[in-house]
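Data block below; observations after.
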Amino acid sequence: MISFSEEKRIFTIHTEHTTYQMMADEHDVLLHLYYGRRSEGEMDYLIRRRDRGFSGNLYDAAADRSYSLDVLPQEFPVSGTGDYRRCAMRIELANGSVSCDLRYAGYEIRRGKYSLPGLPAVYGDASAETLAITLKDKWGSGVTAELLYGVLPEIDVITRSVIVRNEGAEPFAITRLLSANVDFQSGTYDVLTFYGRHGMERRLQRERVCHGVRAIGSGRGMSSHQYNPLMILASPETTEDAGTCWAMEYVYSGGFLAEAECGPFSQVRMHMGLMVENFRWPLAPGEEFAAPEVIMSCSTEGLSVLSHHLHDCIRGHICRGKWKDAVRPILLNSWEGCYFDFDGERILGLAKRAKELGFDMLVMDDGWFGKRDTDTSGLGDWYVNEKKLGMKLSELTAGVHELGLKFGIWFEPEAISEDSDLYRAHPDYAFAIPGRKPILARDQLILDFSREEVREAVYSQMTAILDEAEIDYIKWDYNRCISDVYSSGAAEQGTVLHRYMLGLYDFLEKLLGRYPDLLIEGCSGGGGRFDAGMLYYTPQIWCSDNTDAIDRLLIQHGTSFGYPCSAVGAHVSTCPNHQNGRMTPLSTRGVVAMAGTFGYELDPGRMTEEEREEVKAQVATFRRFAPLVAEGLYYRLTDPARDPDAAWLHVSRDGSEALLAAVSLEIRFNPPQRYVRLKGLESAAMYRVEDVSGVEETLTASGAALMECGLPLPVYMEEYRAVQFHLVRI
Ligand code: GLA
């Protein structure tokens, strides 16, 4: 609920459990007052001013030396106002100076949640509202910022975006633009970020916000393996179950910046938006620029609830289309089973095995198009290599469909190999700076998707294939970072990286418009573009190229802070694992992959009969619990980086049922008994606890006991054993 009090010009946003408040003060500056636990009343009493040495005063407020934006908490701080902290926006005026002094000019409260042209954004239902606050530069440049707040009260989410307009007579340029900023007046905070690398994405790091700036971001033209566009601030005592914490999650797949700054007066500023490096957006009179959206959420009950808000937002208000709420097909992907070494018969052979094992879909990964027997050639030539397949694609897909399976196929639409017909015909389609040789990565270049004719060259090839053969699923891959950014289509090179993202989103929107039933799984060398922006188009994303179940525990644990299980592409692969050589029991690989969309990535023909029987049982188990995994509340029960067990829990919304999964990470002779304490159960209720594999004895215990004392875990004589317990309320 959004309200405005005329007298003090205070804006209040209430969600079910949180309150957000700001005020247009006597100088028309929009001050931030409060974001936290739901509370009534006006919080302007929190603002205390003092004359601060070396903190400048706005000219029209200078009679009062205590009025300085260097210290006051602001809603949207801009560069050039005497606030020397990191700002949300920086404007370069036509004369080259950096200046902007935004003052409050009006507001509007709208029913429903705003959308953003050409950009992915949260969508709301009947209860959603929008607050738009307009700020204008006091000194006549025509710089106008419309701050947008989208309110989803039931899930304690407030989204932020800003539309910058040039309402003046001269051009100016935006050189820094962050969509959301929150100034905390007081308090000590921890910051949680998610760092990583290819094959080890989204590792949790928690540290105190000290004086100075803690920044993460990506200048790679993609949200990146290295830092995920998710930042959480938490009061230091915050745990999974208690304490106040705040999240910012970017609905964008390109470069980003997120900062937590502790200033000289120990105030903390947190913000998120576009990467500053390589960004410069000129605005001519009459033009406007919409900043990508940030999802904000606050929990006063610890990190689990914060994650639940983000999961609900992504599942219910970002993901779209037919597959949004559907249980996703159990798939067999050809990559780790065959790599580039296959023909149509081998794929059909995989499909037959997949059918026998009870899967839903066969996915033919990289290698079916152009000249593509290694990763050094062929990207850009999206025509079927019938010689290699030994058949037409339509014959292959018909064969797979006849078996009663769906058919999926791999594309990497944004990439191009120098050794390709498309490159030979149009070398200028790839990013490269005139007169220089570009950086190569995996021997490939990136297509300039900011240009429509370049997108069209790929779109027409893709649609020809999708029209010819019946294709149910696409794995949309993206296997390098952008470099050598230069576009012949852009007058200002600082716009290219964002135009690229707009081009990508436009492509995906068009494709889904044409094939609304298509399921697209995002991928970028695994999880290099695992973000809420992509999830608007692709409701699941291949979480990591690392399929080792034990490494995956860390990756999926970090991912779970911001993203629901239904978004996490997870497969069982063979052993020794191809990425790190580790041996793990097949049952453990199954349990870990079941915390995601579930599938296999191996050649079932190389399995023993006994293993194939085990796989059939895994498929049955996953089918049994798939809705609970996808829709239930997810609880992290341990920290797999520290604890001797990795354990997590899916609890149905009504508390009647739960699925516990635990993987043993430590074996010892004569060990102490280990217990795992459950969460989210009904204290007063009794639960029947049954080992899904039927080995452990069934027991009955109260919700309270299971949460207070825990459940004893089996003691193993073998490394990395896993167990699943099904709990049913009696
Ligand atoms: C990337 C993907 C893999 C696989 C290969 C194919 O690395 O993440 O899953 O599709 O490309 O080249």
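The values are calculated or read from the model by the stated rules, or taken from the named source; none is laboratory data. In this text the structure is predicted, and so the values were computed from the model without any measurement. Methodologically, a virtual Cβ is constructed for each residue, glycine included, from the backbone with ideal geometry; neighbour enumeration extends over all protein chains shown. Accessible surface is based on the protein model in full, side chains and every heavy atom, while ligands, DNA and RNA are left aside. Shrake-Rupley method; radii C 1.70, N 1.55, O 1.52, S 1.80 Å.
For segment 648-730, please list each of the strands (runs of 3 or more DSSP E) lying entirely inside it that holds at least 1 residues being open to solvent by less than 60 Å² (accessible area, probe 1.4 Å), of a type in the set (D, E) and at pLDDT 95 or above. Walk me through how you get there before you give the answer.
Numbers: elements: 657-664, 686-691, 699-702, 722-729.
Answer list for segment 648-730: 657-664, 686-691.
Give segment 258-293 a look and list any residue that's closer than 24 Å to L497 by Cβ, of a type outside the set (G, A, S) and in contact with a Pro (Cβ under 9 Å, 6 or more places away or on another chain), or say none.
Once the filter is applied, which keeps residues that are closer than 24 Å to L497 by Cβ, of a type outside the set (G, A, S) and in contact with a Pro (Cβ under 9 Å, 6 or more places away or on another chain), segment 258-293 yields H271, M272, L274, P282, L283, E287, P292, E293.
Could you check segment 405-429 and list, in sequence order, the residues that are free of Cβ contacts under 8 Å to residues at least 40 places away in the same chain and open to solvent by less than 10 Å² (accessible area, probe 1.4 Å)?
Correct list: I416 only.
In segment 497-522, what count of residues is obtained for those that are within 19 Å of E293 (Cα to Cα) and touching a residue at least 60 places away in the same chain (Cβ under 8 Å)? Can you show your working first?
Initial filter on segment 497-522 (within 19 Å of E293 (Cα to Cα)): 497-506, 508-509.
Among the residues that remain, those that are also touching a residue at least 60 places away in the same chain (Cβ under 8 Å) are: 497-498, 500-502, 504-506.
Qualifying residue count, segment 497-522: 8.
Among the strands (runs of 3 or more DSSP E) lying completely within segment 219-272, list those that include at least 1 residues that are within 17 Å of L204 (Cα to Cα) and among the charged types (D, E, K, R). So that I can check it myself, show each step before the final result.
Numbers: elements: 230-234, 245-250, 256-262.
Where strands (runs of 3 or more DSSP E) fall fully within segment 219-272 and carry at least 1 residues being within 17 Å of L204 (Cα to Cα) and among the charged types (D, E, K, R), they are 245-250, 256-262.
Of the conditions (1) in contact (Cβ under 8 Å) with a residue 24 or more places away in the chain; (2) closer than 20 Å to Y600 by Cα, C481 satisfies every one except a single condition; which number is it?
Checking C481 against (1) in contact (Cβ under 8 Å) with a residue 24 or more places away in the chain; (2) closer than 20 Å to Y600 by Cα, the one that fails is (2).
Within the set of pairs 6+ apart or on separate chains, which have a first residue in segment 353-374 that is free of Cβ contacts under 8 Å to residues at least 40 places away in the same chain, a second that is within 16 Å of the ligand (Cβ to nearest atom) and among the aliphatic types (A, V, I, L, M), and C-beta atoms under 8 Å apart?
Listed by first residue and then by second, the contacts come to R372/L379.
Taking R442 as the residue in question, decide whether it is open to solvent by less than 30 Å² (accessible area, probe 1.4 Å) and of a type in the set (D, E, K, R). Steps first, please.
Values: open to solvent by less than 30 Å² (accessible area, probe 1.4 Å): no; of a type in the set (D, E, K, R): yes.
Judged against the criteria, R442 is not a match.
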